[in-house]
Amino acid sequence: MGSTKPAGVGLPKLLRWLLFVAGLLVVAGLLGAVVLTAWKASVDRRLDAVWRRSLGGAELAAFLDSARPTLDSVRTRLAQGPPVWKRDLSAGFESKITNYLGVLMLQKLLLLDAREQLRAGRAAPSGAAFTPYGSRGLQYHL
């Protein structure tokens with residue numbers, strides 16, 4: 001006659017084992033989140049340093065000097081008031097969406113030019129360099 005175990009005897013051991021494994025998974029997840037956050041911050045710092053180094057130098061200064069007449073005329077035009085784009089909303093969902101990539105690139109060029117002029121000890125251009133559309137922002141007339 002062999003010994004027989006009651007039906008529920010192995011259950012507490014299994015429950016303890018499952019709780020232990022669940023605890024390990026939680027700890028591993030928390031540790032992974034901390035490591036991932038630190039790694040992301042490290043990568044961001046390195047990318048930011050590379051980006052900042054790429055913004056300066058003789059090449060940028062030479063390019064901005066060659067584009068200075070155009071940038072000055074753009075500043076003069078922006079000082080007269082922000083550009084206004086008319087939109088026809090009667091087309092509904094078929095209306096074309098304006099591409100603002102050129103506007104963003106112009107703003108970056110004006111900011112880079114102002115920064116380079118400040119670095120060179122010259123007076124920075126007027127506030128139009130920093131807010132190409134004035135305090136009112138982009139305007140639409142319907």
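The values are calculated or read from the model by the stated rules, or taken from the named source; none is laboratory data. Bear in mind the structure is a predicted one, so any value in this text is a computation, not a measurement. All Cβ positions, glycine included, derive from the backbone under ideal geometry; neighbour counts span all protein chains shown.
From the list L36, L25, L47, which residue is at pLDDT 90 or above and not assigned by TED's automatic domain parsing to the domain that holds D113?
L25
Name every residue in the range 81-113 that is under 30 Å from A123 (Cα atoms), touching a residue at least 24 places away in the same chain (Cβ under 8 Å) and not β-branched (V, I, T), in order of residue number.
G81, P82, P83, L106, Q107, L109, L110, L112, D113
Looking at the range 76-104, which of the residues that are in contact with a strand residue (DSSP E or B) (Cβ under 8 Å, 6 or more places away or on another chain) and among the hydrophobic types (A, V, I, L, M, F, W, C) is modelled with the highest pLDDT?
Here the answer is V84.
Of the residues in the range 108-126, how many are closer than 10 Å to L78 by Cβ and either modelled with pLDDT of 80 or more or assigned to a helix (DSSP H, G or I) (or both)?
1
For the list (1) within 29 Å of the chain's Cα centre (by Cα); (2) under 27 Å from D113 (Cβ atoms); (3) at pLDDT 85 or above, I need the number of the one condition that E59 fails.
So E59 meets the others, but not (3).
Please find, among L36, L64, the residue that is of a type in the set (A, V, I, L, M), free of Cβ contacts under 8 Å to residues at least 24 places away in the same chain and part of a helix (DSSP H, G or I).
Going through L36, L64 in turn, just one is of a type in the set (A, V, I, L, M), free of Cβ contacts under 8 Å to residues at least 24 places away in the same chain and part of a helix (DSSP H, G or I): L36.
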